[in-house]
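**Q** Dropping the structure in here first, questions after.
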Amino acid sequence: MSGRLGILSLSALLLLTCAVRGHSSAESTEAPPSARTTEVSPSAESSEAPPSADLPIEIGAVSVSALRSLASIGVRSSRLDSVATRDNITNSLADVLSRGSSMFIKSYGRGTLSTASFRGTAPSHTRVTWNGMDINSPMLGMVDFSLVPSFLVDDVSLLHGTASSSAAGGGVGGAVVLGNRAPTGRGFEMSYTQGVGSFHTFDQFMRLAYGGGRFRETTRVLYATSRNDYRYTNRNKKIWHYGENGEITGWHHPTERNRNGAFGDLHIQQDFFYTGPRGDRLSLVAWWMSSRRGVPVLNTDYRPDNRSRADQNEQTLRTVAGWERERKGYRLHLRGGYTRSSLTYRDQIDTGAEEPIEKTDSRSLTNTLFGRAGADYYIDDRWHLAAEATIYGHFVESVDGAVLLPSGETGFGWDKSRAEASVSASVRWRPTTRLGFAANVREDLYGGRFSPPIPALLAEYTVARRGNVVVKASAARNFRYPTLNDMYFQPGGNPSLRPESGFTVDGGVSFGGDGGGGGGGKRRERGGDGKRRERGGDGGRESSAASDQKMAAGRRMEYGGEVTGYSSRIADWIMWRPVRGYWSPQNVALVHSYGVEARGNLSVPLGRGWLLRFDANYTLSKAINRGEPTGDRDRSVGKQLLYIPKHSVSGTAAVGWRGWSLTWKSVYYSRRYTTSDNDAASSPGSVAPYFMNDAAIEKRVALRWAGLSVKFAVNNLFDREYETVLARPMPGRNFGLYVEIAPKF
Amino acid sequence: MKNILFVRRALRALLPGAVALLAAPMISTSCTEPETGSKSLRGDGSGVFVVNEGTFMSPSASLDWYDPDARKIENDIFSRANDIPLGDTAQSMTVHGGVGYVVVNNSGVIFAVDLKTFEVKGSIEGFTSPRHIHFVSDTKAYVTQMNDPRIAIVDPTSRQITGYIATGGTEMSSVEQMVEWGRFVFANCWSYDNRLLVIDTETDEVTEEIEVGVQPASMALDKNGKIWVVTDGGNDYVAEAIGHEPPALHRVDAATRIVEKSVQLDENGFYFKLDVDGTGGTVYLLNGGVWKFDATAGELPAEPFIEGGAVSFYGMGVDPATGEVYLSDAIDYQQAGVVYRYGAAGALVDEFEVGIAPKAFCFVNE
């Protein structure tokens, strides 16, 4: 192919990421309560209650404290430990997820497109909701996690596979549920963090919060800039040494800098929470971001460092307003949201003319309206019914302004809208204290087409109360609809694509408790237990101090773990294939994705204020192409999909003592193939495995007038050379120093 | 006492080594530079080179060498001989003065490669998007570029760009192949274009433009001084800019610059390619299958010389010495491609695996 069309579409698509995936915005029910304890919340006016219905449904006044939550029946979820999310507020969710979960993060570089793969699926198979609203791009289907700072998010939960079906449609791999929480303190709080890091990286974080009576609010501002021009030895290039007659006499690998990687991101987020006299909760969260980023060049690029460069700019506003009423035995909620996202991708080529020419000037504007209404009814402590209706309206304008028309005008694009609606109903039943069942059925409507009913069934059985050993199993169908790019991108969009359809089963066992012998019905999900959420500190976001206190305050050993096996078959998997002169998406593959997920956590108080904590995740992920070969010579059938590691391991170890904490994070990914026939012999047919280690040391001091914290972090501790995407080197050892000050009023 | 001293000494001697051993895998990636060149890898200076594009925006372009007599394929010879990847999206290879010049489009580089050892003899840089190189003399070559309204003039001996030829058209002009007739070089402007350029090699200027159909994709010069051009006709997406029409085969007289004949083609495959045999008397057209016809023929044959069938061939090359036809199948563009070698009479002679997205062939006959 090649040709301008091919390249054009490709370059746009590449940026739009691995170019092969699409999106479904089919939505449905709210995220299920990530596993939270069923401890009855003392009153509806729990200031800790998440504003988001995404998070735990607190079961009104039903006295079920001895039970596991009805809402979490059979759900395989993991909540990112606050240690992971707050450990380094300068981290994006891309970093947090790669270090603290079993997801594979494919990163095109530091501060560059980072997408997530859940259980061996594509980035668009992971649904991402923010305060209940789907934030996957309706054009691209995925979320760039490098643009989601962990500073802005209070809760991160992962819903694995089937568990996501009650949260969002299309989560063939799973869902990432992000939520904001009301601050928990009283009065005004303020904190400011200044970060200075390698490669001229400056991070400024400001957080203001007010809590008092019924009204609470949080304001967060984040401004991060980086030259991001890290040096690396370029082993993909040689500088040839020439003799007098032009013959080569030697060579060396050049030391180069990451070219065109600079970025500047500004985020402003405002949350309001109001709790009415009868416990009705109102919330309004708004998040505006403006990001300007260079698109770094490959390290096999020999072009001169001139004005040729590609940039990506994004301005996005997301808002969600919610109302929630909880009374004895029932809960009602309403939610409305609006997203406006303007994305530009410009690729300029320096041809020596006065002005660089624009090869690509791709601009898109997406407007999304979102609404949801739902009700929960707790018949008694055994039965729970829920129903929900969700609607999204996506309006997309996309144009490439670089295409010159004979009329002298430029611009070439498309303008489409799509409505997506879904209704769902679920019933949860716990016939005995040990046994629970849940069933969910969803019906989607997208762009005028109805899906077949989409069922999900979940069950669990408590094998042993001591250690809270629970066996879970679930099965679900799933559909993912083509993205608007899949259908309308010019050139290549294919309006006749069928949705991808998946069927997933999984089963496993979880356990958890504390060593104090309390055991029993209290299930301690990592960080998910209300009891472990500290008040004070900096409120909604668990402050270091809070976490520290938590560590120190833990008088008992706590442990937990879970092992799950899963198997998914996804038919009509959409891939972009070359057709005449350009690429076009086709329903080509059948993918069988299966494997094992395991995680464990342990925290041990050692006495005298010492506390040790460990978290570990492991995933065995086989994502195998089971489609029909395209011909006799097609050797891709039976092989692992591109860029899916078979093994991923991540772990965190932390030790705390009197305001000091030392954290060590590691992640390992096995070899990832870059060819569909998994021929690692052809070079470069794969990306080498890597083992990455980060460490940080922090000291917190509580003064009379302020809380102070100083933290020093070292990333890539052993200065390893590594890539997660071919020819895109990642930075070597780098440092960050963060100083936080939180005056007391 | 002595024993203790010895143990201490031994410990002192061994400890740093032990520490280094433990630390080495943690700290270093590669302390030792791999040696250049794989000793067992060596060609005989002739044969067929297969240029594989690789996947766009990845360093997976590659070069293979095929020995037609021994029916032996050596894959990935560039990386094996030089220990670096060829780069991103290799486009073409041209041999001049016993040296192979491999044009790597999206890396913006041309590597001069020894035909026997496959080792780099030099590299030429400074391009925006090079596509093909054509040698006018030992000291002057033209390099066409995509999305750049300039053909670069290169001195291969100094490896420098010495000047540019303005190609006219839009600022996004893209020029592809070149053929030389007399003192003129003809070049086809493919993407969003419909022209052939006529370049005077003495003045390095475009002296004339010949309009053919929409998007001339490939061309070849026969022994009678006729330039065969295939236009792909564009598609809906370029229609607004330059129109959309059925693909066509055109014959242009190099001397008069007149389009003498145009024949509409069926759309059988995804890619078009033209080539001639060694005598220049037979023309080969890739359009799904391969259509072979005499350069003096008035019409296309009714039946293809080689059936395309289910495969959409991605590239085609005709061995000038033997008239054998090489066709490539890129399969899914993400795995090892396959090349089919057909004898002069059209029978399948051999098939072998090559790199990702095999695009172009370069024949070297001693």
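The values are calculated or read from the model by the stated rules, or taken from the named source; none is laboratory data. Note that the structure is a prediction, hence the values are computed from the model and not measured. Cβ atoms come from the backbone with ideal geometry, glycine included; neighbour counts cover every protein chain shown. Note: areas computed on protein heavy atoms with side chains; ligands, DNA, RNA excluded. Shrake-Rupley method; radii C 1.70, N 1.55, O 1.52, S 1.80 Å.
Residues checked against (1) modelled with pLDDT under 95; (2) in contact with a Pro (Cβ under 9 Å, 6 or more places away or on another chain); (3) open to solvent by less than 50 Å² (accessible area, probe 1.4 Å):
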{"residue": "B:Phe272", "(1), (2), (3)": "yes, yes, yes"}
{"residue": "B:Thr282", "(1), (2), (3)": "no, no, yes"}
{"residue": "B:Phe293", "(1), (2), (3)": "no, yes, yes"}
{"residue": "B:Thr296", "(1), (2), (3)": "yes, no, no"}
{"residue": "B:Pro301", "(1), (2), (3)": "yes, no, yes"}
{"residue": "B:Val311", "(1), (2), (3)": "yes, no, yes"}
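**Q** Kindly list the number of the only condition in (1) in a strand (DSSP E or B); (2) hydrophobic (A, V, I, L, M, F, W, C); (3) more than 9 Å from chain B (Cβ to nearest Cβ) that fails for A:Ile644.
**A** (1)
**Q** Scanning for something at positive phi and open to solvent by 10 Å² or more (accessible area, probe 1.4 Å), does the range B:195-204 turn up at least one residue?
**A** Filtering the range B:195-204 for residues at positive phi gives B:204.
Keeping just the survivors that are open to solvent by 10 Å² or more (accessible area, probe 1.4 Å) gives B:204.
Among the residues of the range B:195-204, at least one is at positive phi and open to solvent by 10 Å² or more (accessible area, probe 1.4 Å), which makes the answer yes.
**Q** Please note which strands (runs of 3 or more DSSP E) are completely contained in the range A:93-192 and include at least 3 residues that are at pLDDT 90 or above, open to solvent by less than 10 Å² (accessible area, probe 1.4 Å) and in contact with a Phe, Trp or Tyr (Cβ under 9 Å, 6 or more places away or on another chain).
**A** Correct list: A:114-117, A:126-130, A:174-179.
**Q** Still on this structure, I have one more. Hey, among the residues in the range B:276-287 that are over 11 Å from B:Leu327 (Cβ atoms) and touching a Phe, Trp or Tyr at 6+ places or on another chain (Cβ under 8 Å), which one's nearest to the other protein chains (Cβ to nearest Cβ)?
**A** Among those that are over 11 Å from B:Leu327 (Cβ atoms) and touching a Phe, Trp or Tyr at 6+ places or on another chain (Cβ under 8 Å), it is B:Asn287.
**Q** Further, regarding this structure: For the range B:285-298, does any single residue satisfy the condition of being touching a Ser or Thr at 6+ places or on another chain (Cβ under 8 Å) and in a loop (DSSP other than H, G, I, E, B)?
**A** Yes, the conditions are met somewhere in the range B:285-298.
**Q** Does at least one position in the range B:195-213 carry a residue that is within 14 Å of chain A (Cβ to nearest Cβ), in a loop (DSSP other than H, G, I, E, B) and either modelled with pLDDT of 95 or more or touching a strand residue (DSSP E or B) at 6+ places or on another chain (Cβ under 8 Å) (or both)?
**A** Looking through the range B:195-213, none of the residues is within 14 Å of chain A (Cβ to nearest Cβ), in a loop (DSSP other than H, G, I, E, B) and either modelled with pLDDT of 95 or more or touching a strand residue (DSSP E or B) at 6+ places or on another chain (Cβ under 8 Å) (or both).
**Q** Out of A:Val471, A:Val396, A:Val463, report the one residue that is open to solvent by less than 50 Å² (accessible area, probe 1.4 Å) and of a type in the set (Val, Ile, Thr).
**A** Only one candidate qualifies: A:Val396.
**Q** Hey, another quick one. So, in the range A:192-245, how many residues would count as being among the polar types (S, T, N, Q), in contact with a Gly (Cβ under 6 Å, 6 or more places away or on another chain) and over 28 Å from A:Leu147 (Cα atoms)?
**A** Within the range A:192-245, residues that are among the polar types (S, T, N, Q), in contact with a Gly (Cβ under 6 Å, 6 or more places away or on another chain) and over 28 Å from A:Leu147 (Cα atoms) number 0.
**Q** Which one is nearest to B:Ile110 (Cα to Cα) among residues in the range A:203-238 that are open to solvent by less than 70 Å² (accessible area, probe 1.4 Å) and hydrophobic (A, V, I, L, M, F, W, C)?
**A** Out of the qualifying residues, it is A:Ala224.
**Q** When the range A:317-358 is examined, which residues are found to be of a type in the set (Ser, Thr, Tyr) and in contact (Cβ under 8 Å) with a residue 60 or more places away in the chain?
**A** A:Tyr330, A:Thr339, A:Ser341, A:Tyr345
**Q** What pairs come up if the first residue lies in the range B:159-182 and is within 13 Å of B:Pro130 (Cβ to Cβ) and part of a strand (DSSP E or B), the second is of a type in the set (Phe, Trp, Tyr) and at pLDDT below 95, and their beta carbons are under 7 Å apart, counting only those six or more places apart or on different chains?
**A** That search, which allows pairs on different chains as well, returns B:Glu176/B:Trp190.
**Q** I'm trying to understand the selection: among the residues of the range A:284-308, which are in contact with a Lys or Arg (Cβ under 9 Å, 6 or more places away or on another chain) and more than 14 Å from every other protein chain (Cβ to nearest Cβ)?
**A** Once the filter is applied, which keeps residues that are in contact with a Lys or Arg (Cβ under 9 Å, 6 or more places away or on another chain) and more than 14 Å from every other protein chain (Cβ to nearest Cβ), the range A:284-308 yields A:Val285, A:Ala286, A:Trp287, A:Trp288, A:Met289, A:Gly294.
**Q** Looking only at the range B:324-343, count every residue that is open to solvent by 10 Å² or more (accessible area, probe 1.4 Å), more than 10 Å from chain A (Cβ to nearest Cβ) and either hydrophobic (A, V, I, L, M, F, W, C) or not in a loop (DSSP other than H, G, I, E, B) (or both) and tell me the total.
**A** 2
**Q** Here's something else I'd like to know. How many of the residues in the range A:590-620 are buried (at least 20 other Cβ atoms within 10 Å of the Cβ) and among the aliphatic types (A, V, I, L, M)?
**A** Residues that pass the stated criteria total 2.
**Q** Looking at (1) open to solvent by 30 Å² or more (accessible area, probe 1.4 Å); (2) under 30 Å from A:Met289 (Cβ atoms), can you tell me which one A:Ser422 breaks?
**A** (1)
**Q** May I pose another question? Please work out if A:Phe199 is open to solvent by less than 10 Å² (accessible area, probe 1.4 Å) and either in contact with a Ser or Thr (Cβ under 8 Å, 6 or more places away or on another chain) or small (Gly, Ala, Ser) (or both).
**A** no
**Q** Output the residue which, of all residues in the range A:249-261 that are open to solvent by 50 Å² or more (accessible area, probe 1.4 Å) and not hydroxyl-bearing (Ser, Thr, Tyr), is farthest from the other protein chains (Cβ to nearest Cβ).
**A** Going through the qualifying residues, I end up with A:Arg257.
**Q** Which ones in the range B:116-164 are among the charged types (D, E, K, R), buried (at least 18 other Cβ atoms within 10 Å of the Cβ) and within 29 Å of A:Ala310 (Cβ to Cβ)?
**A** Answer for the range B:116-164, where residues must be among the charged types (D, E, K, R), buried (at least 18 other Cβ atoms within 10 Å of the Cβ) and within 29 Å of A:Ala310 (Cβ to Cβ): B:Arg131, B:Asp148, B:Arg150, B:Arg159.
**Q** Quick one: would you say A:Arg303 is under 31 Å from the mean Cα position of the chain (by Cα), under 30 Å from A:Arg346 (Cβ atoms) and of a type in the set (D, E, K, R)?
**A** no
**Q** Being open to solvent by less than 10 Å² (accessible area, probe 1.4 Å) and more than 14 Å from chain B (Cβ to nearest Cβ) narrows it down to one of A:Ala727, A:Ala702, A:Ala706, so name that one.
**A** Testing whether each residue is open to solvent by less than 10 Å² (accessible area, probe 1.4 Å) and more than 14 Å from chain B (Cβ to nearest Cβ) leaves just A:Ala706.
**Q** Within the range A:661-678, can one find any residue that is within 12 Å of another protein chain (Cβ to nearest Cβ) and open to solvent by 50 Å² or more (accessible area, probe 1.4 Å)?
**A** Yes; the residues of the range A:661-678 include at least one that is within 12 Å of another protein chain (Cβ to nearest Cβ) and open to solvent by 50 Å² or more (accessible area, probe 1.4 Å).
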